[in-house]
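> Provided herewith is a single structure, encoded as structure tokens, for subsequent inquiry.
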């Protein structure tokens, strides 16, 4: 078996409430009353770090969680209420040492200036382990929380119309501009801008601070950032994508894209599409990870995992459906599946534990050792930054003079 | 002894900021951006049983004469993010952040403060500030320019709206009963509707009620409107009146406004910012104070500060020479951008005349003048002198405590923590242990719910 780092898989875990299954909070192992405490999140991230995972993502949104994609559902039988993901990541950062921290940010309603300095600060707090998962929100009720724009519904019916497609494209174009501004602001201070030159009394060399002068279709931002260039220079940007328009955002702006193939054939097709978009965006040859997203229920034998899935579905009153493939089985079978999908060009996986308290430890204590045995996963953290773990070089800023 | 009982002093630590108060050129001066500096500063404040740590904010790098101002510390972290991380390395210390009401939206800020309050176990505070300048607005998609008269109206409505969001959850909604499958008692938890001049929003807030209910609210403005805002809506005022007489006048003025809003005298704390020069003896402290002032005001800094008033390029002048005999430019466009203090000079011609006379009478150079007219340290002396003076000021109602602004990062508070705080504790005017978990406990402020119940 190869232990060549290039053939190894990258592994992330997506944290959301008590887990991704809507009935997960009812399991004995779940801690539904702790979801608003720092200790809960610190424990989950510590467990992920124990498994040497590349990073965790933290879900977020600007409204109560809902089982309906475009509107509130009024349900009281699922987890509702949550904490801001960036703040949660930052609260956990000083308690961990190696693992990447990738909170979700909603580009549609936030200020890129605030987001840029928040993630830069997370990078300082974690000494180089910050990332960003960018998401759009077409939801009318979230827009009503801000009152600055009115969004009509954008459901499956609307998406079948040209007008709906145009709105979708607009949302993602706006998100691409948002990320562009966030990235330019990270570069707006050159790495060595702070000089502390006592002789001349200058704290910074202002020739190394740059206005970004971004002017786009949706907004303009002057810069520079108020926060110096973060330790990683450019913290990794990530995004989940299910179709061509968001694939384009991944291809244009991301370091890691999360995709949801349900089999090897779909994985091959999605990877091909993203690579083609990457080339079209002028980024051919640049590192861009494509991770497969999977919901996982892991137990020591197949029947136990399936039983657990059945029990959770019964508690929820309906079978759990997801955009991602739902895997229920043993760590060894999951390792087989990951290997099979990786052969189609996926470079890693973001696993969504169905029950955080059960399936996260099953990943770190079951799947990870299995992958290690196969030479497919690290046996120790090999780098001090998230970029390093992802095999991304630290680059000079775009405004740095090339002497 | 008769008379009123001793007031307990409140103390807070202001992380050294991007003004010339901060002496970055000192060999001991550390990073202003690495988290280790913030952690050291916060741990020192907590070791000394301070009430809270305070962070200022500025959302655009200052410029002067069209170029980024480079003589002071430049650059700082995101307020919320660094406070959330500090919650991990402290247990009791309050975490106060300055957050602008012009370049943000209530829903987002409310969920950030509610999150910070949860993540810190009830230690969050919000210094609500307003901004006015299109200069800073250029960094934001929403712009943010506000006419002067709209600033406080937006700030007040922003805060009122955020309070509606904080209060949209009462604290008993999450049942999480595994047996019955009921997670939330009420499907409408967090519902809100706000229709006002500045904000028209509705929906459901998504962060359940935090330990303090609402963050502690600070107000920092000094104008008539600012004082009214504080009296109506704040828990504490971050004031700049740290002298005995100025402090007493401000304290009396703001406290007497409280009755108008049905509030008691003890429901608003007055906490001026204060600098200090501490040494073993008073004489050594005097010497240190002078030395620090000279470091704070280099020749180059003196010229730039004179430009705040003259509003013209004075770089050709000798800082060790006499003041310019030309008059200030009183045009609308100011040479200095992103700096609130230039607005203090309402009549620059008169200020220039005054300063010329002052300099002539004392035989001061430009640099001498800026050193002497600028902010001298508020408290200068031995530990005994400083402890006594702070106590006297508080007992005389010049303040309810102080927000200390050290000139060194991150060690500028160490000496105060080790030498002055024990003396205040001996005098019986400062806590020796934290008595409760939340910042409201430290400040002896009731929770918003209690206030409602009491009325």
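> Let me confirm one metric for peptide B:112-123, namely the mean number of other chain beta-carbon atoms within 10 Å of its residues' beta-carbons.
5
> For chain B, give the share of DSSP beta bridges that are antiparallel, in percent and rounded to the nearest 5; count only bridges with both residues there.
Counting only bridges with both partners in chain B, antiparallel ones make up about 25 percent.
> Another question, if that's okay. Ranking B:197, B:202 by Cβ neighbours within 10 Å, fewest first, what do you get?
Fewest-to-most ranking of B:197, B:202: B:197, B:202.
> Oh, and also: How much FRET efficiency would the formula 1/(1 + (r/R0)^6) give for residue A:73 and residue B:291, where r is the Cβ-Cβ distance and R0 is 56 Å, rounded to 0.05?
The computed FRET efficiency comes out at 0.30.
> Shape call for the protein assembly as shown from the C-alpha gyration tensor, a ≥ b ≥ c root eigenvalues: rounded (a/c under 1.5), prolate (a/b greater than b/c) or oblate?
Verdict is prolate for the protein assembly as shown.
> While we're on this one: Quick one: Cα centre-to-centre distance for segment A:20-81 and segment B:281-320, in angstrom?
Rounded to whole Å, the Cα centres lie 54 Å apart.
> Same structure again: Residues of segment A:296-340 with amide nitrogen under 19 Å from the 7 Å Cα-to-Cβ point of residue A:272?
Residues A:340 qualify, since their backbone N sits under 19 Å from the label point.
> Would you please state the base-10 log of I(q)/I(0) at q = 0.07, 0.09 1/Å for chain B, with intensities from the Debye formula using one equal scatterer on every alpha carbon?
-0.38, -0.62
> Turning to a different aspect of this structure: For Cα pairs less than 8 Å apart in space and 6+ apart in sequence, what is the mean separation divided by the residue count of chain B, i.e. the relative contact order in percent?
On the way: 826 pairs, mean separation 105.1, N = 455.
Normalised by residue count, the contact order of chain B is 23 percent.
> Run the numbers on segment B:298-373 and let me know its relative contact order in percent, using alpha-carbon pairs under 8 Å that are six or more apart.
On the way: 84 pairs, mean separation 30.9, N = 76.
RCO, segment B:298-373: 41 percent.
> Which FRET efficiency value, to the nearest 0.05, do you get for residue A:333 and residue A:213 by plugging their Cβ-Cβ distance into 1/(1 + (r/R0)^6) with R0 = 41 Å?
About 0.20, to the nearest 0.05.
> So, R0 is 41 Å and r is the distance between the beta-carbons of residue B:281 and residue B:395; what FRET efficiency does that work out to, to 0.05?
The value I calculate is 0.95.
> Can you give me the distance in nm between label points at residue B:253 and residue A:50, each placed 7 Å from the Cα along the Cα-to-Cβ direction?
6.0 nm
> Given chain A, what percent of its DSSP beta bridges are antiparallel, to the nearest 5?
Details: 5 of 42 bridges.
Antiparallel bridges make up about 10 percent of those DSSP assigns within chain A.
> Could I ask something else about it? Going by how many other Cβ atoms sit within 10 Å of their own, how do A:213, B:332, B:26 line up, fewest first?
By the 10 Å Cβ count, ascending, the order reads B:332, A:213, B:26.
> Apply the Debye scattering formula to segment B:8-110, with a single equal point scatterer on each alpha-carbon and no solvent, then give log10 I(q)/I(0) at q = 0.11, 0.12 Å⁻¹.
Cα-only, vacuum Debye calculation for segment B:8-110: -0.39, -0.46.
> Now for a separate question. Modelled label-to-label distance, residue B:426 and residue A:306, 7 Å Cα→beta-carbon offset: nm?
7.8 nm
> Let me ask something additional. With the crude spin-label approximation of a point 7 Å out along Cα→Cβ, what separation in nm comes out for residue B:332 versus residue B:353?
In this crude spin-label approximation the distance works out to 2.6 nm.
> Counting helices only, and only those DSSP H runs with n ≥ 4, report the 222 nm mean residue ellipticity of chain B as the sum of -39,500 (n - 2.57) divided by its residues, in deg cm²/dmol to the nearest 500.
-11000 deg cm²/dmol
> Please work out the C-alpha center-to-center distance from segment A:346-377 to segment B:85-135 and express it in whole Å.
36 Å
> Stokes-Einstein at 20 °C, 1.002 mPa s, Kirkwood radius from Cα pairs: D for chain A in µm² s⁻¹?
The Stokes-Einstein estimate is 98 µm²/s.
> Where does the Debye-calculated log10 I(q)/I(0) of segment B:298-373 sit at q = 0.18, 0.20, 0.27 Å⁻¹, using only Cα point scatterers of equal weight, no solvent?
-0.65, -0.81, -1.46
> Scale the Cα Rg of segment A:78-121 by the rule-of-thumb value 2.2 N^0.38 Å and send over the ratio, two decimals.
Details: Rg = 12.0 Å, N = 44, 2.2 N^0.38 = 9.3 Å.
Compared with the compact-globule rule of thumb, segment A:78-121 sits at 1.29.
> So what's the gap between the Cα centers of segment B:189-255 and segment B:332-407, to the nearest angstrom?
Cα centroid of segment B:189-255 versus Cα centroid of segment B:332-407: 26 Å apart.
> Could you tell me what percent of the DSSP beta bridges with both partners in the protein assembly as shown are antiparallel, to the nearest 5?
20 percent
> Still on this structure: Go ahead and estimate [θ] at 222 nm for chain A from helices alone: -39,500 (n - 2.57) per DSSP H run with n ≥ 4, summed, over the residue count, rounded to 500.
Calculated mean residue ellipticity at 222 nm is -10500 deg cm²/dmol.
> Turning to a different aspect of this structure: Suppose a student asked you for the relative contact order of segment A:273-326, using Cα pairs under 8 Å spaced at least 6 residues apart; what percent would you report?
Relative contact order, segment A:273-326: 36 percent.
> Moving to a separate point now. Starting with the fewest neighbours, write out B:199, B:379 ranked by other beta-carbon atoms found within 10 Å of each beta-carbon.
B:199, B:379
Rule-based calculations on the coordinates, nothing more; no lab input. Everything quoted here is computed from the prediction, not taken from an experiment. Here Cβ is always computed from backbone atoms with ideal geometry, including for glycine, and neighbour counts include all displayed protein chains.
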